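First up is the structure itself, then whatever we jot down about it.
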Amino acid sequence: MTQLIPFLLLNVLDSCNTRDSDVKRLYAIRDAFALLDYEDESIQTIQGLLLRCFTDPSFLKIPEGRRFLSFTFALHADLHNLIVGVMKPQLGTGNKSVSQAYGDILYRAWRDLNMGASATPPAGKEYSSGGSGSGREGVEEDVAADEEITTAVLLRASLEDNLQDMAHHAIHARERKYFKSLRLVLNVFHENKNNKSVDSLLLKVYGPIMWRSLRCAHPMVRMQAAIIFFDCFPLQSSDHTSNIRETEQLLQKQFDLLHTLLKDGDHRVRAVAALGVCKVLRTFWEVIPTGTTHQILSYVVSTLGVDASCANVRASVINGMSELLENPLSHIVLKGLLPLLSHSVHDFSERVRASFLRLLCKIKTTRGFKFYDIVSIDQLCNQLSADVQRPVICSIMTELLLNSFYPRANSAGGASGGSSSSSSPIKSNEYGVEQIKRCLQFSHSHPEAAIVFYSNLYLHTSVGSSTKMCVGLWNTLRDNLQRAPSAEALAAEREQRREMEIDSARSKKNKKNQKKRGSKRQHAEEEENEEGEGDMRSAHTAFVSTVGLTHQILLVLTALIKSTHKLLLSHATYKLSKDMLLTHVSSGAMKMMLVHLLDFQKSCNTEKAEAEEDEERADAGVTALVQSCIAQLLEVIAMVSTISGSSSESGSGRWSRDKDK
């Protein structure tokens, strides 16, 4: 056995190709390690090999290896300090998987030792004094069992001392990476608080160091202590012999610390406290008085929610509200508090805005809440226009407004233009029309926000849905241009306007020569002139509205095609979407629309040349819109032509292969 144990250890540690079966074989003979004398000097070699096992990935990655390492804590108390001393440098690397493995090893070791220390010693028996010696054997068994329990108690106490040392190092860690690693180790114990023995352990470990650390002068110590404090809240003893009055005083002390941490002078501590308090209220909402809960939340929202010293505090408040939203009992209180955070959508910190938008997305899926009751649609659209260069904000905002401006079949329509959502879901045969309708409303009221929204549409639906939207807008654009006034009609209106100007000048000249004013003939002429001017204005208004609607559609259409252009070119999986786009947006249709827009431009230039100075200024906006429409259409033609070229190349390649066959 003295040769087998070193051989198996070296076989795992020094082998280049260690197999899991080697570790499992070592775990199978673990009881043989208890036969060794760990107080003898000759044990140093095996002891060194055991310590090396705690840094070897072969032991940390499989359950049998971690169980073997936890078993080593039951061998001798002197090994505990050495093992923890080996663990600490590894925790300094910040490796998350290593930290979690160490936490699992320590928890398993403590659990096994606690079970051994809590075992009930065998009851006394009456043994006969015959020559069989059974009485002496029974006494020896009792003595051996008592020794095992005593050893387990000593080993457990030694391990708990080492755990307390690790907690102290975590609270007073200088490097953030080291603190996070130690926190991961301790979180394994925090996650098992449902075990009553773990509750008593945490109170024993944290009790001597937590209270003074939360009042330490150094803000980093207070912050790290607060993080661990909220992780293990509440600290309490599960021992049935504990005094009820002392337990209540301990809990009251911890609730008083919640108020103290929220009003801490350092913004880092306040940020931790804001999120931690909300998590505590989410878990213990039923046992905390309603008045106390409302008082704490009012302070968190009204004071920390507008904390100008640090954006992290404001973001923590919003994240805390998101945690509270998971408890349905808190919804009544939150309905009155969440509108007080509406200003966060315009916060100068991108992190705060992103956190608030994620909160609104969560509210959108929560029954009984409407996100547009907290922030209006106009505010969201204005902020979407301002955050056009921030893709994270744009993506979250698109997800939030998706049902409002892109309703889908069998889903309730969201708020549109600030109005409330429809009470009944949109039918499957109507949602395409509703999508186009809301798109036109959106592009008319907030054109910049609409461009950003539809540019990110494919991220939250699909490329096929964006392509269908392109086809719907293209058909709407075609119908709009077909209803537009023709060039001949506009020329006839200009001629009619010239005649009216001549008649108006002639009537003014005749008015001077007439002695009697207000004759019936004069009134009739004035009425005819007013009617003619009204007809001309109505036709011109129709032309301007047609140009404006065309400009809106082309802006959104360009954004949609541009967002999916690369995907349609590079991925063969979108072949159906590509074919659908090329079928409807054909070269003939694009040429026809370009001819319409060129006629618009020609009519605008002609009217501009013949108009007077005041009318020239009025028509300059229409001319600019027409030029912008032509530029947008040319961009659409270029992108569609590129997609068509790639499709034809792939098609010709397939045709040539078929021909060769």
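Here are the numbers:
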{"read-out": "Options 545, 563, 570: the member that is of a type in the set (S, T, N, Q), at pLDDT 75 or above and more than 28 Å from residue 443 (Cβ to Cβ)", "value": "570"}
{"read-out": "Residues (modelled with pLDDT of 90 or more, of a type in the set (A, V, I, L, M, F, W, C) and open to solvent by 70 Å² or more (accessible area, probe 1.4 Å)) located in the stretch 11-33", "value": "28"}
{"read-out": "Output for the stretch 223-252, where each listed residue is among the polar types (S, T, N, Q) and either at pLDDT 85 or above or under 15 Å from residue 204 (Cβ atoms) (or both)", "value": "224, 236, 237, 238, 241, 242, 247, 249, 252"}
{"read-out": "Residue check for residue 419: surrounded by fewer than 22 Cβ atoms within 10 Å (Cβ to Cβ), at pLDDT below 90, more than 26 Å from residue 584 (Cα to Cα) and in contact with a helix residue (DSSP H, G or I) (Cβ under 9 Å, 6 or more places away or on another chain)", "value": "yes"}
{"read-out": "Residue that is part of a loop (DSSP other than H, G, I, E, B), open to solvent by less than 80 Å² (accessible area, probe 1.4 Å) and polar (S, T, N, Q), where the choices are 316, 309", "value": "309"}
{"read-out": "Residues within the stretch 319-352 that are within 20 Å of the chain's Cα centre (by Cα), under 21 Å from residue 283 (Cβ atoms) and loosely packed, with under 14 Cβ neighbours inside 10 Å, tallied", "value": "1"}
{"read-out": "Residue in the stretch 257-270 that is of a type in the set (Gly, Ala, Ser), open to solvent by 60 Å² or more (accessible area, probe 1.4 Å) and either part of a helix (DSSP H, G or I) or closer than 30 Å to residue 238 by Cβ (or both) present", "value": "no"}
{"read-out": "Residue among 277, 300, 287, 221 that alone is among the β-branched types (Val, Ile, Thr), within 30 Å of residue 192 (Cβ to Cβ) and free of Cβ contacts under 8 Å to residues at least 12 places away in the same chain", "value": "287"}
{"read-out": "Within the stretch 34-45, considering residues that are within 25 Å of residue 89 (Cβ to Cβ) and touching a residue at least 24 places away in the same chain (Cβ under 8 Å), the one most open to solvent (accessible area, probe 1.4 Å)", "value": "45"}
{"read-out": "Only one of 426, 451 that is among the β-branched types (Val, Ile, Thr) and modelled with pLDDT under 90", "value": "426"}
{"read-out": "Subset of the stretch 441-475 [outside any helix (DSSP H, G or I) and within 21 Å of residue 549 (Cα to Cα)]", "value": "446"}
{"read-out": "The stretch 188-217: number of residues that are within 27 Å of residue 259 (Cβ to Cβ), assigned to a helix (DSSP H, G or I) and open to solvent by 30 Å² or more (accessible area, probe 1.4 Å)", "value": "6"}
{"read-out": "Test: residue in the stretch 387-410 that is over 17 Å from residue 347 (Cβ atoms), among the hydrophobic types (A, V, I, L, M, F, W, C), open to solvent by 10 Å² or more (accessible area, probe 1.4 Å) and at pLDDT below 60", "value": "no"}
{"read-out": "Breaking point among (1) in contact with a helix residue (DSSP H, G or I) (Cβ under 7 Å, 6 or more places away or on another chain); (2) in contact (Cβ under 8 Å) with a residue 40 or more places away in the chain; (3) farther than 23 Å from residue 169 by Cα, for residue 204", "value": "(3)"}
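Table: residues versus (1) surrounded by fewer than 21 Cβ atoms within 10 Å (Cβ to Cβ); (2) modelled with pLDDT of 90 or more; (3) closer than 19 Å to residue 187 by Cβ.
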residue	(1), (2), (3)
47	yes, yes, no
50	no, yes, no
60	no, yes, yes
65	no, yes, no
90	yes, yes, yes
100	yes, yes, yes
103	no, yes, yes
129	yes, no, no
134	yes, no, no
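The values are calculated or read from the model by the stated rules, or taken from the named source; none is laboratory data. Since this is a predicted model, take the numbers as computed values, not measurements. Backbone-built Cβ (ideal geometry, glycine too); neighbour counts: all protein chains shown. These accessible areas exclude ligands, DNA and RNA; they are computed on the full protein's heavy atoms, side chains included. Shrake-Rupley method; radii C 1.70, N 1.55, O 1.52, S 1.80 Å.
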